[in-house]
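Notes to accompany the following structure.
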Amino acid sequence: MQLPHRAPALPPSEVPSKSKVVWEKFSHHSKFQRKLYHFGTFPQDFSWGVSSSAYQIEGGWDADGKGPSIWDVFTQTPGNTPADATGDVACDSYNRLDEDLYMLRALRVKSYRFSLSWSRIFPDGTRSSMNQKGVDYYNRLINGLLANKITPMVTIYHWDLPQALQDRGGWENVDMIDIFNDYCDFCFATFGDRVKLWMTINQPHSIAWLGYGLGTIPPSIKNPGISPYIVAHNLIKAHAKAYHTYDDKYRTSQGGLVSIALNADWIEPKDVNVLREVRAADRALQFQLGWFAHPIFKNGDYPDAMKWQVGNKSELQDLSESRLPSFTEEEKNYIKGTADMFCINHYTTKIASHVTGQLSPYSYEQDRDLSETEESDSPTTDIKNQRAVAWGLRRLLNWIKEEYGNPQIYIAENGVATKSSTMWDDSTRVFYYKTYIDEALKAYELDGVRVNGYIATSLMDSFEWLNGYKVGFGLHHVDFSNTNRPRTPKYSAHFYYYVIKDNGFPRPDDEKMLYGHFRKDFLWSTATASYQVLMLLCYKCFLMAPPIILMRLDSTTITD
């Protein structure tokens, strides 16, 4: 039985030539080449920023009319997080906005990426429930940023879906496409006169796979072979519709840019000399990043590797059609090109190897026919399976360049977790930023990747999702045991300040090449010492003596 939307009919036998060049170019690098430091600077208009998200920092979970989100419900259920941690108060940014603005101003960042709490603006998820006090909070934040010459970079949806919408089926419900579009329309109309950089959705891959496949994050649905594909399909369509709404109604008057924040690990083959392993690495990237980037940045459709893998597995499972939904030609044309910049969240690198995945039970993970392991030669961090593998960032940026036609790229999230007790000496984070930013610099200066901005994660320690308050990503320490939530800059905040000030890593004076002339009457000469010259002359005479003399001098039978 030929499935209606399984393409191509035969498995992809080769890695696409444009992306394959990345492994050919970099994978034979020695350890020394991987770690070689590069001095240089980014362009003058480079956007240095920091990030946060609403649920992680705001607190005020039910303040001033805010409705509950799926994360409120999840964390308030005992046993779901370490020490039953919640975001009920978090960093209390809802009440301490001025302190956040002070930290941003002190860092001298050019941009601040933050997210809007959907249920703070629309408590039940729809426009009819609009909460003016929530709108007022974000107006104060946006105006405060602009007053300090900081560009707002706004994520419209960062995981915290209003619970009322989850009760209606959440992202498995096709109605969410129009509901999300109405929310975005309101945000564009309300804040778009001042906000010029928008991201519709943060990490749709995490929403689809972790939220609806593994069920590890809200809404905690475990349906790994069906729901992730349905949810991703709706998320892509929702993003595209919001993009066109901005294009049709607001772009001419507001002049902003709209994108989506995707996430990807870099994937290195277990053995770059084995084509099957290189295919597995490419397949891992297509299933994670290409799942969303291919339709939006390339041709409006899923990657061929995904269509074949899921379609073939579905046929072997005696299903009448692929578990991966299909787009109509009209939908492909509507989705293609719905991003003005490429926003990528990146933290680590994995090693991929080909395996044959099982057919039962249905699973996105098994559909990929590969296994992933840690890159064992790099430092661990305080989050499991998230090693600091700086060289992977340069390769990922090059892969995006080759795969999607060299778009403008913003590194929208990058950072490292350390234990939350770390208050000042976070040298691990300094090393992470220094090496990762340098890899971005290599991609820009040496490889021609159009890197437009770097956003450090995060402004301050916050509620770290399933890790609660055990670890922190912050440039600033927050004392969560103190009701005043005092913030203290860490060593990494000072380091990042100087990186921003220097616009990268200019070569230090003591390593620069010097060119010039001495004055005209400068005395050029040479030097000797009598003892050294005498010994040298004796040695020279020894070397020039005839062989017969040397023989006699060496003979013990010769006497004077």
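The values are calculated or read from the model by the stated rules, or taken from the named source; none is laboratory data. These numbers were taken from a predicted model, which means no experiment stands behind them. Positions of Cβ are generated from backbone atoms using ideal geometry, with glycine treated the same way; all protein chains shown enter the neighbour counts. The accessibility values were calculated without ligands, DNA or RNA, using every heavy atom of the protein model including side chains. Shrake-Rupley method; radii C 1.70, N 1.55, O 1.52, S 1.80 Å.
Each 10 Å bin from zero holds the following percent of Cα-Cα pairs in segment 71-120: 20, 39, 29, 12, 0. Let me have the 222 nm mean residue ellipticity of the chain computed from DSSP H runs of 4+ only, each contributing -39500 (n - 2.57), with the sum over all residues rounded to the nearest 500. Helix contribution divided over all residues of the chain: -11000 deg cm²/dmol. Computed over the chain, the quotient of the alpha carbon radius of gyration and 2.2 N^0.38 Å is 1.20. Taking the Cα centre of the chain as reference, the dipole from Cβ charges on Lys and Arg (+1) and Asp and Glu (-1) amounts to some 1460 debye.
Which order do peptides 517-529, 406-418, 77-89 fall in by mean Cβ count within 10 Å, highest first?
Details: 517-529: 5.8, 406-418: 22.6, 77-89: 15.2.
So the order, starting with the most tightly packed, is 406-418, 77-89, 517-529.
With both residues required to sit in segment 293-419, DSSP beta bridges show an antiparallel share near 55%.
Note on Lys298: lysines with a C-alpha under 18 Å away, same-chain residues under 8 apart excluded, are Lys18, Lys20, Lys237, Lys241, Lys307, Lys332, Lys336, Lys401. Of the trypsin sites (Lys or Arg not before Pro) in segment 435-517, the ones in a loop by DSSP (not H, G, I, E or B) with at most 11 other beta carbons within 10 Å are Lys512.
Among DSSP beta bridges lying fully in the chain, give the percent that are antiparallel, nearest 5.
Numbers: 13 of 49 bridges.
Counting DSSP beta bridges with both partners in the chain, the antiparallel share is about 25 percent.
With Cα atoms as the point set, segment 105-195 shows a radius of gyration and Dmax of 14.2, 44 Å. In a DSSP loop and with at most 14 other Cβ atoms within 10 Å, there are no chymotrypsin sites (Phe, Trp or Tyr not before Pro) in segment 54-135. Each residue, Asp45 and Asp178, gets one label point 7 Å from its Cα in the Cβ direction; the gap between the two is 4.0 nm.
Computed extension length for Thr77-Arg507: 149.5 nm, one decimal, from 0.36 nm per residue of separation with the Cα-Cα distance subtracted. Suppose we look only past 20 Å in the calculated P(r) of segment 148-301. What percent of the Cα-Cα pairs does that tail hold? Roughly 54 percent, once rounded to a whole number.
Excluding same-chain neighbours fewer than eight residues apart, the lysines reachable from Lys313 by a Cα-Cα span under 22 Å are Lys222. Once the 1.4 Å probe is applied to the protein heavy atoms, the chain comes out at 44 Å² accessible per residue. With a ≥ b ≥ c taken as the square roots of the eigenvalues of the C-alpha gyration tensor of segment 301-347, please select rounded if a/c is under 1.5 and otherwise prolate if a/b is larger than b/c or oblate if it is not? Oblate, because a/c is 1.5 or more while a/b does not exceed b/c. Between Asn143 and Phe522, the simple label model (points 7 Å from Cα in the Cβ direction) yields a spacing of 6.3 nm. Of all lysines in the structure, the ones whose alpha carbon falls short of 30 Å from that of Lys490, not counting any fewer than 8 places away in one chain, are Lys35, Lys110, Lys149, Lys350, Lys384, Lys419, Lys434, Lys442, Lys470, Lys501. Across segment 18-505, Cα pairs under 8 Å and at least six residues apart give a relative contact order of 18 percent. Along segment 15-26 the Karplus relation, 6.51 cos²θ - 1.76 cosθ + 1.60 evaluated at θ = phi - 60°, assigns HN-Hα couplings of 6, x, 4, 5, 7, 4, 4, 5, 5, 4, 7, 10 Hz to successive residues, with x for each Gly and Pro. Projected over all directions and averaged, the alpha-carbon convex hull of segment 315-422 occupies 10.5 nm². Averaging Cα coordinates gives a centre for segment 141-161 and one for segment 59-116; these two points are 14 Å apart.
With the simple spin-label model, which puts each label point 7 Å out from Cα in the Cβ direction, the Val355 to His28 separation comes to 3.0 nm.
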